[in-house]
Every structure is written in C-alpha cells, then in structure tokens.
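The values are calculated or read from the model by the stated rules, or taken from the named source; none is laboratory data. In this text, all values refer to a predicted model and were calculated from it rather than measured experimentally. For neighbour counting, all protein chains shown are included, and Cβ atoms are generated from backbone atoms with ideal geometry for every residue, glycine included. Quick note on the areas: whole protein, heavy atoms, side chains included, nothing else; ligands and nucleic acids left out. Shrake-Rupley method; radii C 1.70, N 1.55, O 1.52, S 1.80 Å.
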Amino acid sequence: MPTAVAGLDPEQTAAVLAPRGPVCVLAGAGTGKTRTITRRIAHLVSDGHVAAGQVLAVTFTARAAGEMRTRLRALGIGDASSGAVQARTFHAAALRQLRYFWPQVVGDMEWQLLDRKFGVVGQAASQVGVSTSTDSIRDLAGEIEWAKGSLIAPEQYPEVAARLRRDTPTAPEQVAAVYAAYEQIKSYSTSLDFDDLLLHTAAALEENSAVAEEFRDRYRCFVVDEYQDVTPLQQRVLDAWLGQRDDLTVVGDANQTIYSFTGASPKYLLDFSRRFPDATVVRLERDYRSTPQVVELANQVIGAARGRIAGTRLKLIGQRPAGPAPLFAEYDDEPGEAVNVAAQIKKLIANGTPASEIAVLYRINAQSEVHEQALTEAGIPFQVRGGEGFFNRQEVRQAIHALRQTAGRDDLPEGADVGANLVTLVRAVLVPLGLTDTEPTGAQARERWGSLRSLIQLTEEVLVHEPELTLGGLLVELAKRAEARHPPVVDGVTLASLHAAKGLEWDAVFLVGLTEGMLPITHALGSGGEPDDEAAVEEERRLLYVGVTRAREHLAMSWALARNEGGRKTRRRSRFMHGVVPDSSPASKIATPPTRERKKPRCRVCGKGLITTMSTKLGRCESCPSNLDDAVFDALRNWRSAKAKQQSVPAYIVFTDATLTAIAEQLPASETALTSIPGIGAAKLERYGADVLAIIRGEPVEVSDEPLPD
Ligand code: ATP
Ligand code: MG
C-alpha cells in the first residue's frame with residue numbers, strides 16, 4: 001500500500017486518491033481533515049501528478065501554516081527549497097506574489113507594507129472628527145477590516161451596515177468617512193495594508209494576462225484548510241489564482257465557523273459542489289482525536305444548534321478507547337475557579353500528563369489574568385497564546401506607568417495611598433485610561449476595560465492579605481507578579497482564547513468562565529428587552545464546540561458565580577450547559593471550591609489583630625486615630641436622615657454610625673469594596689449602594705420627601 005494512504009480510513013483514502021480536480025472534505029472536528037489534505041498532497045506529488053513546487057496550500061493562521069509545513073516535511077515534501085510544496089497563510093502567499101509581480105504591474109513605484117494601521121486610522125478619525133481614543137481607533141480599524149474582507153467599499157458601507165444591522169463603533173456614515181479617509185491617506189504614501197495585499201494580488205491576476213499566465217504556469221494545484229472561515233476577499237484571491245481551472249481541494253467544518261466578525265462565511269464551503277458539480281465530496285464522521293466521552297459531549301453541544309449551518313452537521317463517532325467522563329464544576333467566584341483548575345492541572349502533571357499537553361481555554365484574552373496568577377502561585381509553567389499575557393497588554397503597561405508616576409508625586413495627601421484608600425486612588429488613576437463604572441460597548445473598549453478592572457480586583461485581593469498596602473507596595477507586588485511570569489516557557493500549559501485554539505489539540509482541556517455574558521458573550525445578548533442576536537449566539541455555540549473538540553482525553557468545564565473572591569453571586573452559568581451537565585454531576589448543585597486562607601482582619605493603623613465587631617467594621621482599633629473624611633461623613637449623615645424619614649424608620653436601620661464611619665474612612669469606590677465593609681450585604685447594597693458610592697464621589701444625591709410605597 002502506498003504510504004500516502006497508510007493508516008487512513010476508506011473515506012479519507014477516497015479523498016486522498018481522488019483524481020486531480022475539485023475535492024471537498026466536509027467533516028466535523030477531529031476527523032482527520034488536516035491529516036487528509038497533507039496526505040493528498042503527498043500522494044499527488046509522489047505519484048507524479050504534480051510537482052511539489054506547483055502546489056500551494058493555504059490556511060488562516062501562521063501557526064496552522066507552520067503545522068502544515070511540519071507535517072509535509074515529515075512526508076518528505078515540505079523542505080524549504082523552492083521546489084517544495086508552499087504552505088502559507090493567505091496573506092503570506094499574497095505578499096510574496098505581489099513583491100514578485102509588482103514591477104510588472106505598476107512599474108518602479110515603491111510601496112511599503114503598513115503592518116500597523118492604527119496611526120493611519122487615527123489620522124483618518126481626526127480628519128473626520130470622530131473620537132481618536134485608542135479604543136475608538138481599534139474598533140474603527142476592526143470595522144474597516146471587516147468591510148475590506150467583505151469587499152464592501154466605503155460608499156457602500158452605510159447601506160450594508162444598516163441592512164446587516166451591524167453594531168457599528170460610531171454612526172455608519174462616520175465609519176464610512178473614516179474608512180474613505182484611511183484609504184486616501186494610505187494611497188498618498190503608497191502604503192498597503194494586509195487586505196490591500198490580497199486586493200492587489202487579485203487585481204494583478206485579474207487585469208494582467210501576462211501576470212496571470214506566468215502565475216498559473218507556476219502554481220497548478222491548490223489546497224485550503226479551514227475553508228469555512230474564508231472571507232469574500234480571500235475567495236476572490238483564490239478565484240484569481242485558479243482562473244478557469246478547478247484543481248482545488250478544500251476541507252472544512254461549517255460548524256466551526258468562528259471568524260464571522262472578520263467577514264468570513266461558510267457559504268463557499270457549503271456551496272462548493274454547486275459551483276463544481278463534478279467535485280468529489282467526502283464526508284468524514286469518525287473522530288480520531290477524542291474519547292467517546294468527549295465526542296458524545298461535542299455531539300450534544302452542536303446538536304442543540306439551529307440555522308442553516310447547523311443543518312450541515314454530521315454526528316461524530318468516537319474511535320478511541322473510553323476515557324474519563326467530562327467534568328463540570330460551578331464555583332463561588334473566579335479566583336476560586338482558577339485556584340481549583342490549577343490544582344487539577346497539578347494533579348494531571350503529577351500523574352504523567354506533560355504540561356504542554358494541557359490547555360486552559362477562555363472566551364476573551366482578559367480572562368487569562370486570574371488563571372495566570374493561579375498557575376504562577378501553584379508553580380506551574382505556562383504560556384499565553386493569541387494574547388500577549390496580562391502584563392504585556394498595552395493598557396496594563398500604560399496603567400502601571402501611570403501608577404508609577406502617581407507614586408512619584410509629592411503632593412498626595414497623607415494616607416491617600418494606604419489601605420482602603422489605595423483602591424480609590426488606583427481607581428482614580430485608571431479612570432482616564434478607560435475604567436468606566438459600567439462595561440463599555442465596542443469589543444476593544446471591553447477588553448481594555450476588563451484588564452483595568454482586573455487590576456482593581458488584584459489590588460483588592462492583595463489588600464485582603466496585606467491591609468496596610470501602599471501604592472509603592474502595590475507596584476512592587478505587580479512587578480513581582482510580572483517577573484514571576486516573565487521567563488519564556490516552551491513546554492508549559494497553554495492559555496489561549498477559543499479563537500486561537502482552532503485546529504489544535506491537547507490531552508487535557510479546561511474550558512473556563514462558562515457564564516452568560518462570557519459565552520455567549522454580552523454583545524450577542526439583547527439588552528433592555530431587545531431579543532438576543534440569534535446568529536451571534538449560534539457563533540458562540542460553535543466556539544464552545546471548537547473548545548470541547550480540542551480535548552483528546554480529559555475535559556473539564558467550569559464557571560463562577562461571582563467575579564471577586566467572596567463577591568456577590570450575580571452570574572449564571574452559560575445557557576449552553578443546559579441539558580449538558582448530567583444530573584449526577586456535583587455542578588448540578590454548587591461545588592464548593594477550596595477557599596484561600598483568609599488572614600484575620602488587622603488594624604490598618606497599628607497592625608494589631610481586630611476582635612470587636614466595632615473595630616472589625618472600622619478596619620482599625622477603636623483607639624487608633626481615624627482618617628475620617630468629614631465632608632463625606634456629613635453628607636452621608638444628612639442623606640441617612642432623609643432616607644430614614646422617607647422610610648419612616650430609625651436612622652440606624654439604614655446604617656449604623658459605625659458603618660457610616662467605616663464608609664467615610666475607607667471611601668470604597670466600587671460595589672465590591674463597599675460590600676467588604678462588614679454590615680453591608682446584598683440587600684443594603686441593592687437599596688443604598690448607588691447613593692453611597694455617588695456621595696463618596698462627591699455627587700449630589702436627592703432623596704425625595706415622598707414616603708415610599710409599600
Ligand atoms: P479540526 O477540525 O479540529 O481541524 P481535523 O479534522 O483537521 O480537526 P486532524 O487534526 O487532521 O483533524 O486529526 C485529528 C487527530 O486524529 C490527529 O491527532 C490525527 O493524527 C488523528 N487522525 C486522523 N485520522 C486518523 C486515522 N485515520 N487514524 C488514526 N488517527 C488519525
Ligand atoms: Mg484541522
């Protein structure tokens with residue numbers, strides 16, 4: 001038997017041995033699509049159907065292209081020599097071609113690659129007069145990318161955005177104006193962005209027959225992996241490459257379409273046999289990657305999907321020996337979840353699973369922080385993929401820089417950066433960087449906000465253990481944490497977003513943060529009575545499917561009901577868990593995470609342990625000096641009498657003097673900080689939290705004289 005089909009099943013073999021011409025492999029996760037195309041290339045080359053150098057294999061990420069090259073090399077046809085099969089991303093292939101053909105098409109005019117478009121988008125935004133904040137620019141850049149990937153010109157943008165009901169970063173006409181200005185600035189400086197590489201490559205081939213002839217003579221056989229995520233622009237390049245030919249093998253899984261936000265669409269995959277009626281179409285159902293337990297769960301997750309894409313799914317049939325049942329766990333709070341996941345990872349490693357065969361996957365990069373911290377504390381090496389790691393994020397670096405500058409100021413009032421005041425101070429420093437009270441709109445703004453919020457959370461956490469913490473101490477702590485994670489790790493546990501995990505596999509996978517608002521993500525959900533965006537929710541479901549199918553053996557899924565340690569449990573587990581969590585699982589009830597040891601409360605003035613209720617509430621010995629903010633205290637007292645009158649109750653029912661004193665001393669800036677004052681629980685927070693926080697911020701708070709209805 002020829003080596004190209006050794007160890008393949010009959011359907012995989014059929015795809016490998018199909019004659020030159022259109023081939024489409026439509027199959028679920030882990031069925032060997034990537035394996036099949038590399039074998040097909042090997043077969044076509046070794047049987048002399050095509051020369052290795054005439055094959056161009058494309059995929060979407062540099063990592064996947066690298067993986068393909070490795071596999072081709074193992075088959076003896078992927079050497080870096082020019083006679084080898086080319087395996088590249090669409091962009092890398094286009095860049096190479098454009099460099100080669102440019103002189104022939106344009107002449108000796110120089111061009112440069114614009115690999116960071118922020119500056120130009122910023123100029124365009126300021127020309128048009130829209131916000132040039134970092135987040136606005138990032139969101140505008142994302143929207144321009146979507147439009148270009150979807151082949152939508154600036155003048156078409158408002159109409160299309162309205163038709164598709166896009167969540168645009170600013171008014172559609174303004175986005176269009178920024179997009180047009182961006183294109184113009186770019187053309188003055190003859191710069192090309194990544195999408196221009198694709199556009200110009202397609203145009204060069206479409207409009208110049210000599211170029212097209214030379215190219216088509218050079219490349220004769222095309223292969224595309226993950227074809228469900230092709231954008232209209234990439235498809236146009238592919239069409240230009242092919243011309244009238246049909247020597248094209250595509251493989252994909254419509255149920256793994258997770259890049260719609262870039263304009264990607266599975267329609268090209270699903271319509272392949274309509275476009276090429278004599279295509280060989282192969283469907284694979286055997287799952288070689290995962291245990292039957294994981295496969296069954298994957299089938300359940302995707303089985304609940306709706307819509308056209310879902311109609312194309314095939315039920316996967318697990319081929320591997322049985323393994324452990326997937327685990328589900330509900331935790332009280334995120335730090336508890338992270339600590340517990342780290343403990344499970346430690347156990348797996350102790351039992352022989354290499355760290356590099358373990359992954360923690362989440363929905364957005366901002367979620368990595370709490371896990372980076374828990375793994376660091378557990379002494380487990382890790383690497384963050386797709387995101388750059390918490391401390392390398394731009395907003396985190398900016399925040400630390402700003403905190404350092406604040407620490408260097410000599411005009412800070414005495415005690416302003418100590419203990420509970422520290423949270424207020426840090427908060428004040430982070431507000432100009434985008435730390436708003438409520439979650440902002442816009443994907444980039446949300447990520448940034450999430451990071452800044454993590455910093456506040458981290459400060460509050462350190463304070464629990466070190467009530468006397470100062471800003472200087474916090475900076476030392478942050479530096480220590482950054483340092484502890486700094487050493488580059490090759491063989492560590494992988495932390496990655498679900499998007500970055502596509503096509504990859506690990507022995508053990510932890511899917512974390514599975515709550516409503518995270519998966520599905522907030523922007524898929526309707527607000528203010530609006531219905532959910534069903535298409536967006538379905539894409540979120542596919543993301544979960546991608547996550548589940550990354551696991552070979554161990555799969556653990558978890559969520560936490562509160563964000564902060566001991567915080568209010570305001571979250572609900574993801575709707576996708578419904579009907580998936582078995583009744584026998586402890587997660588159908590609440591699992592109690594191992595709680596971190598909390599230190600006994602200590603006086604923030606003298607450091608002695610606190611015993612009496614009064615002193616615990618104040619956070620200091622009753623005899624130690626108070627740093628009460630008199631103005632806030634008076635405002636609170638006035639507000640309290642008005643409230644008490646309104647509710648016809650004695651003042652102490654609203655808040656006791658001790659509680660008011662504690663508030664006016666500690667000046668909590670967030671709901672979390674407020675509830676950390678003993679005596680302020682969920683009910684008080686709900687009833688009075690907003691007023692109290694407003695008073696602390698110095699805002700006027702009106703209490704009407706009208707008695708409240710019963
Ligand atoms: P995804 O949709 O996640 O990209 P895929 O369909 O591309 O998955 P592969 O990555 O090619 O799947 O294969 C999944 C795993 O199964 C790999 O470890 C691969 O080596 C193995 N595999 C594929 N086909 C076979 C087979 N016929 N026999 C044994 N193992 C196989
Ligand atoms: Mg694959």
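Which whole-number percentage describes the relative contact order of region 118-188, with Cα contacts under 8 Å and a sequence gap of 6 or more?
Details: 62 pairs, mean separation 30.3, N = 71.
About 43 percent, as a whole number.
Per DSSP helix of 4 or more residues, -39500 (n - 2.57); summed, then divided by the residues of the chain. What does that give at 222 nm, rounded to the nearest 500?
-14000 deg cm²/dmol, from helical runs alone.
Considering only DSSP beta bridges with both partners in the chain, what is the antiparallel share in %, to the nearest 5?
10 percent
Per the Debye formula with a single identical scatterer at each Cα and no solvent contribution, what log10 I(q)/I(0) holds for region 19-138 at q = 0.11, 0.12, 0.21 Å⁻¹?
Reported log10 I(q)/I(0), two decimals: -0.58, -0.66, -1.16.
So if I place +1 on the C-beta of Lys and Arg and -1 on the C-beta of Asp and Glu, and nothing else carries charge, what would the dipole magnitude of region 365-438 be about its Cα centre? I want it in debye, nearest 20. Mind dumping the intermediate values first?
On the way: 6 positive and 10 negative charges, 50 e Å.
Rounded to the nearest 20 debye, it is 240 debye.
Put a dot 7 Å past each Cα toward the Cβ at residue 572 and residue 115; how far apart are the dots in nm?
About 4.6 nm, to one decimal.
Give me Rg/Rg_expected for the chain, where Rg uses Cα atoms only and Rg_expected = 2.2 N^0.38 Å with N residues. Before the final figure, lay out each step's value.
On the way: Rg = 29.0 Å, N = 710, 2.2 N^0.38 = 26.7 Å.
Against the compact-globule rule of thumb, the ratio is 1.09.
Which is farthest toward the positive dipole end of the chain among 478, 405, 435, measuring Cα position about the Cα centre, with Cβ charges +1 (Lys, Arg) and -1 (Asp, Glu)?
In the chain, that residue is 478.
Relative contact order for the chain: what is it in percent, counting Cα pairs under 8 Å that are at least 6 residues apart? Intermediate values should be presented prior to the final figure.
Details: 1166 pairs, mean separation 99.3, N = 710.
For the chain, the relative contact order is 14 percent.
With an 8 Å Cα cut-off and a minimum separation of 6 or more residues, compute the relative contact order for region 629-696 in percent.
Details: 48 pairs, mean separation 23.0, N = 68.
For region 629-696, the relative contact order is 34 percent.
Any idea what the dipole of region 118-188 comes to, in debye rounded to 20, about its Cα centre with Lys/Arg Cβ at +1 and Asp/Glu Cβ at -1? Walk me through the numbers before you get to the answer.
Working: 6 positive and 9 negative charges, 17 e Å.
For region 118-188, the charge dipole is close to 80 debye.
Let me understand region 118-188 better: what is its radius of gyration from the alpha carbons, and its Dmax, in angstrom?
That works out to 10.8, 33 Å for Rg and Dmax.
Keeping all protein chains in place, calculate the accessible area per residue for region 114-248 (probe 1.4 angstrom), answer in Å².
Numbers: 5700 Å² over 135 residues.
With the other protein chains kept in place, region 114-248 gives 42 Å² per residue.
Name the residue from 89, 3, 103 whose Cα lies farthest towards the positive end of the charge dipole of region 1-156, charges +1 on Cβ of Lys and Arg and -1 on Cβ of Asp and Glu.
So the residue furthest toward the plus end is 3.
Please name which of 467, 282, 188 has its Cα lying farthest along the dipole of the chain towards the positive end, using unit charges on Cβ (Lys, Arg +1; Asp, Glu -1) and the Cα centre as origin.
282
Viscosity 1.567 mPa s, temperature 4 °C: give me the Stokes-Einstein translational D for region 210-251 in µm²/s, with Rh taken as the Kirkwood radius over C-alpha pairs.
Details: Rh = 10.9 Å.
D, rounded to a whole number, is 119 µm²/s.
Quick check on packing: order 566-572, 255-261 by the mean number of other C-beta atoms within 10 Å, highest mean leading. Provide the component values of the computation, followed by the final result.
Numbers: 566-572: 16.1, 255-261: 20.9.
By packing density, highest mean first, the sequence is 255-261, 566-572.
Nearest 20 debye, what's the magnitude of the dipole of region 417-520 about its Cα centre given +1 on Lys and Arg Cβ and -1 on Asp and Glu Cβ?
Details: 8 positive and 14 negative charges, 65 e Å.
The dipole magnitude comes to about 320 debye.
Using Cα centres only, tell me the gap between region 30-63 and region 257-312 in whole Å.
Going from one Cα centre to the other spans 20 Å.
Under a 5 Å amide H to amide H cut-off, with H placed in plane at 1.01 Å, what residues pair with residue 557 once short-range neighbours are removed?
Under 5 Å from the amide H of residue 557 lie the amide H atoms of 327, 328, 329, 511, each far enough along the sequence or on another chain.
With all pairs of different alpha carbon atoms counted, what Kirkwood hydrodynamic radius in Å does region 629-696 show? Could the numbers behind the result be given before it?
Working: mean 1/r = 0.0852 Å⁻¹.
In region 629-696 this quantity evaluates to 11.7 Å.
Taking 0.36 nm per intervening residue step and subtracting the Cα-Cα distance, what contour gain separates residue 187 from residue 694 on full extension? Let's see the in-between values first.
Values: separation 507, 0.36 × 507 = 182.52 nm, distance 4.98 nm.
Result: 177.5 nm gained on full extension.
For the peptides 530-539, 637-646, what is the packing order when you average, over each peptide's residues, the other Cβ atoms within 10 Å and list the highest mean first?
On the way: 530-539: 14.9, 637-646: 16.9.
Ranked by mean Cβ neighbours within 10 Å, highest first: 637-646, 530-539.
So what is the accessible area of region 276-396 per residue, in Å², with the probe set to 1.4 Å? Display every interim value, and only then the final one.
Values: 4970 Å² over 121 residues.
So region 276-396 comes to 41 Å² accessible per residue, rounded to a whole number.
Once you've got the Cα coordinates, tell me which of 117/148; 33/148; 33/315; 346/502; 569/684; 643/684 are over 18 Å apart.
33/148; 346/502
Which percent of the accessible heavy-atom area of the chain goes to carbon and sulfur, probe 1.4 angstrom?
Values: 16360 of 31800 Å².
Within the chain, the accessible surface is 51 percent carbon and sulfur.
Please list, or write none, the aspartates and glutamates whose alpha carbon is within less than 16 Å of the alpha carbon of residue 480, excluding same-chain residues fewer than 8 places away.
By straight Cα distance, residue 480 reaches 369, 372, 377, 461, 466.
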